[in-house]
Amino acid sequence: MKLITAVVKPHRLDEIKEALQAFGVHGLTVTEASGYGRQRGHTEVYRGAEYTVDLVPKIRIEVLAEDEDVEQLLEVVVKAARTGKIGDGKVWSVPVETAVRVRTGERGPDAL
Amino acid sequence: MPPGITLAADAPQLSAANTGFMLICSALVMLMTPALAFFYGGMVRVKSTLNMLMMSFISLGIVTILWVLYGFSIAFGSDHGSLFGWSSEYVGLSDIGITQLWPGYTIPVYVFAVFQLMFAIITPALISGALADRVKFTAWTLFIALWVTIVYFPVAHWVWGDGGWAFDLGVIDFAGGTAVHINAGAAALGVILVIGKRVGFKKDPMRPHSLPLVMLGAGLLWFGWFGFNAGSWLGNDDGVGAVMFLNTQVATAAAMLAWLAYEKIRHGAFTTLGAASGAVAGLVAITPSGGAVSPLGAIAVGAIAGVLCAMAVGLKYRFGYDDSLDVVGVHLVGGVAGSLLVGLFATGGVQSDAKGLFYGGGLDQLGKQAAGVFGVLAYSLVVSAVLAFLIDRTMGMRVPEDDEVSGIDQVEHAETAYDYAGAGGGTSTRSTGPSLAGREPAAAPNKKVDA
């Protein structure tokens, strides 16, 4: 089992959600986040005084997936998140030891 | 303020139309002080919003009372040495008949007194923008009381009072470029040179916390300014007030566009703060000049002031004085620009027959304007600095550094401007209250929110 995490542009959320649903993903978690990559935020001007705002708004999407689906899911998320412009974000996966469905106590793949 | 309108051979009669007009104008000018509070309040950080609002609002309390007690008498009483006025019947405003007319005009003394009161209120409030985030509220209230007494009331007499030196010299200041804006801007500079910079000036980000509030304030200032400017002719019998109204609109529009154009070229964006600031710069600049120039002249006055003020707001970073919200850059520079431009653009056809350089009047009027500008500027700068120094040495002008950093609102007003703790519902926790009926509201986490 793996945890797929995507930190992406907020306006891509709907596309990513729909693409994941089409793939058959049942649930996901979305968090508002902020950060920067190579683009290093943006500049704001107040009466000529310039402020560099490093942290830009992002969303963080988390999905639990079975091992054999991970490669395809990464593809799905990347395709839906991509705009081709700088600041599109990152997607990664990490191994997960256990998952438990709170309502029933089911474990492992059954809990997904 | 204009010399007396001569209506007819007979003495002026009370005019219901002018009196009603002036009462409405007075109410419009009153609105400018809370409008200024929002204009300034949006520009500071979250942690000092309330203090900024209060520094303007308190002027409505203090100056009103002092005006009744002795302010009106100093500003508009009988002249003493061209420097200040004093008439015992104006002390306490109690020995005035309700239909007694302001000499030479068609409105009651009470109407004139209430209109001028609103100018006296907003002028010290203007200064507060330079002092954001760092001044003890008690010290500020004392400063206002002393400043209006020693600076504003006499300067109003110089510029508008019968016998005042600037008035007698022929300085044109229709609605207060000299008495209000240069006076407040110079005072702001004097005080900040004494009290010093905000903690973190030029190091920490000090972005405005709410540009919508700034825009609301600027819009209401623009609206109120019609009372400020068009009302300053004290009547409506000859159309001069209407010229002033039109020129106010025209110059403000030109200044906003000029500021935005400068900003786009210099910094790459048309900013909201630039639009609001440009509008205020135009309003300031047309205040002394609007009765003397044509609508085309008003475009020139506005555009010149818009660019000059946009350039001037950067000076504080270069020279290292911390004029928090650019009172010097907008009000002093805008006021000086508008007052001097009278010497160039006065047509001689509206408020007075004095002509500026571009209308064949030579340098005469420009010289008079310069005398008024620099006389008021120097007096206000020096006396305000001395007042700030004395207050600083006795009761202390600034809050402790720790309090400034954590936020002046909590220390001085025991409040915070916004409570975001409940936004979005938050997380639920089990109530520890004894019963439903006696249950206290769940304690909000005491979280400080800062921009």
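What the table below lists for this structure:
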quantity	calculated
Unique residue being without any contact (Cβ under 8 Å) to a residue 60 or more places away in the chain and over 25 Å from the mean Cα position of the chain (by Cα) when the list is B:L363, B:L341	B:L363
Test: residue in the range B:161-175 that is out of contact with any Cys (no Cβ under 9 Å at 6 or more places or on another chain), of a type outside the set (K, R) and within 14 Å of another protein chain (Cβ to nearest Cβ)	no
Residues of the range B:261-292 that turn out to be away from chain A (no Cβ under 12 Å) and either in contact (Cβ under 8 Å) with a residue 60 or more places away in the chain or within 22 Å of the chain's Cα centre (by Cα) (or both), as a count	12
Boolean, B:L220 is modelled with pLDDT of 95 or more, open to solvent by 50 Å² or more (accessible area, probe 1.4 Å) and farther than 21 Å from B:D322 by Cα	yes
Test for A:V53: is it out of contact with any helix residue (DSSP H, G or I) (no Cβ under 8 Å at 6 or more places or on another chain), within 14 Å of another protein chain (Cβ to nearest Cβ) and either charged (D, E, K, R) or free of Cβ contacts under 8 Å to residues at least 24 places away in the same chain (or both)	yes
Members of the range A:70-101 found to be out of contact with any helix residue (DSSP H, G or I) (no Cβ under 9 Å at 6 or more places or on another chain), loosely packed, with under 11 Cβ neighbours inside 10 Å and assigned to a loop (DSSP other than H, G, I, E, B), listed by number	A:G84, A:K85, A:I86, A:E97
Residues of the range B:314-341 satisfying the condition of being among the aliphatic types (A, V, I, L, M) and at pLDDT below 95	B:L315
Scan of the range B:371-416 for residues that are open to solvent by less than 80 Å² (accessible area, probe 1.4 Å), of a type in the set (G, A, S) and at pLDDT below 95, ordered by number	B:S406, B:G407
The range B:309-328: number of residues that are free of Cβ contacts under 8 Å to residues at least 60 places away in the same chain, more than 9 Å from chain A (Cβ to nearest Cβ) and buried (at least 24 other Cβ atoms within 10 Å of the Cβ)	1
Candidates B:V284, B:V240, filtered to the one that is touching a His at 6+ places or on another chain (Cβ under 7 Å) and of a type outside the set (D, E)	B:V284
Residue count for the range B:329-344, restricted to those that are open to solvent by 10 Å² or more (accessible area, probe 1.4 Å) and within 14 Å of chain A (Cβ to nearest Cβ)	1
Which numbered condition B:D419 misses (of (1) modelled with pLDDT of 55 or more; (2) loosely packed, with under 13 Cβ neighbours inside 10 Å; (3) over 29 Å from B:K197 (Cα atoms))	(3)
Filtered residue count, the range B:411-420, keeping only those that are farther than 18 Å from B:M206 by Cβ and either in contact with a Ser or Thr (Cβ under 8 Å, 6 or more places away or on another chain) or free of Cβ contacts under 8 Å to residues at least 12 places away in the same chain (or both)	1
Some residue of the range B:355-371 being over 13 Å from B:G291 (Cβ atoms), of a type in the set (D, E, K, R) and part of a helix (DSSP H, G or I)	yes
Answer residue from the range B:223-260, given it is of a type outside the set (A, V, I, L, M, F, W, C) and either within 14 Å of chain A (Cβ to nearest Cβ) or surrounded by fewer than 20 Cβ atoms within 10 Å (Cβ to Cβ) (or both) and is nearest to B:T123 (Cα to Cα) among those	B:N236
Selection from the range B:279-300 of residues that are within 10 Å of B:S339 (Cα to Cα) and polar (S, T, N, Q)	B:T287, B:S289
Criterion (of a type outside the set (F, W, Y) and touching a His at 6+ places or on another chain (Cβ under 9 Å)) met by exactly one of A:T52, A:T31	A:T52
Entirely in the range B:253-331, the helices (runs of 4 or more DSSP H) that have 2 or more residues that are farther than 27 Å from B:I172 by Cβ	B:272-289, B:315-319
Counted residues, the range B:198-210 - those being under 17 Å from A:R47 (Cβ atoms) and either charged (D, E, K, R) or surrounded by fewer than 18 Cβ atoms within 10 Å (Cβ to Cβ) (or both)	6
Counted residues, the range B:161-184 - those being out of contact with any Ser or Thr (no Cβ under 8 Å at 6 or more places or on another chain) and open to solvent by less than 10 Å² (accessible area, probe 1.4 Å)	1
Filter result for B:V280 (of a type in the set (V, I, T) and open to solvent by 20 Å² or more (accessible area, probe 1.4 Å))	no
Residue match in the range B:233-253 (condition: in contact with a helix residue (DSSP H, G or I) (Cβ under 8 Å, 6 or more places away or on another chain) and within 30 Å of B:T416 (Cβ to Cβ))	no
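The values are calculated or read from the model by the stated rules, or taken from the named source; none is laboratory data. On a predicted model such as this, the values are computed, not experimentally measured, just so you know. FYI the Cβ positions are ideal-geometry reconstructions off the backbone, even for glycines, and counts take in every protein chain you see. The protein model used for the area step is the full one, side chains on, heavy atoms only, and it has no ligands, DNA or RNA in it. Shrake-Rupley method; radii C 1.70, N 1.55, O 1.52, S 1.80 Å.
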